[in-house]
Amino acid sequence: MNLLFPLLAVLIWSVNTIVSKLSAGSIDPAAISFYRWLLAAGAGDVDLHSRCRASGVIARRSWQISDAC
C-alpha cells in the first residue's frame, strides 16, 4: 500500500503537466492556477470535514458542559 502513494503522486503530477500544456493556448494561465487550487481546496475540505466531524462532537459536548457551569 505504501508503494501506491508515490505512484499516485507521480500520476497526478504528470496528468497535471499534460493538461496544463494542452490547455495553455485556450485557457488563461491564471485560470488554470485558480482551478488547480480550487480542486486542491475542495479535496482538502472533504478530508478535513471527515476528520473534524468526530472532534466536533467532543467540542460540542464540552461546550454544553461549560455553558451549564
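Read-outs: derived from the displayed coordinates by stated rules, not from any lab. What you see is a predicted model; the values in this text were computed from it and never measured. Don't worry about glycine lacking a Cβ; one is built from the backbone with ideal geometry, like all the others, and counts go over all protein chains shown.
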* **Relative packing of peptides 41-48, 1-8 - highest average C-beta neighbours within 10 Å first** => 41-48, 1-8
* Read phi for every residue in the stretch 36-41 and hand back ³J(HN,Hα) as whole Hz from Karplus 6.51 cos²θ - 1.76 cosθ + 1.60, θ = phi - 60°, with x for Gly and Pro. => 5, 5, 5, 5, 5, 5
* Asked: At Arg36 and Leu4, where each label point lies 7 Å from the Cα along Cα→Cβ, what is the point-to-point distance in nanometres?
  -> 2.6
* Structure fact -> Subtracting the Cα-Cα distance of Leu22 and Cys52 from 0.36 nm times their residue separation yields 7.0 nm
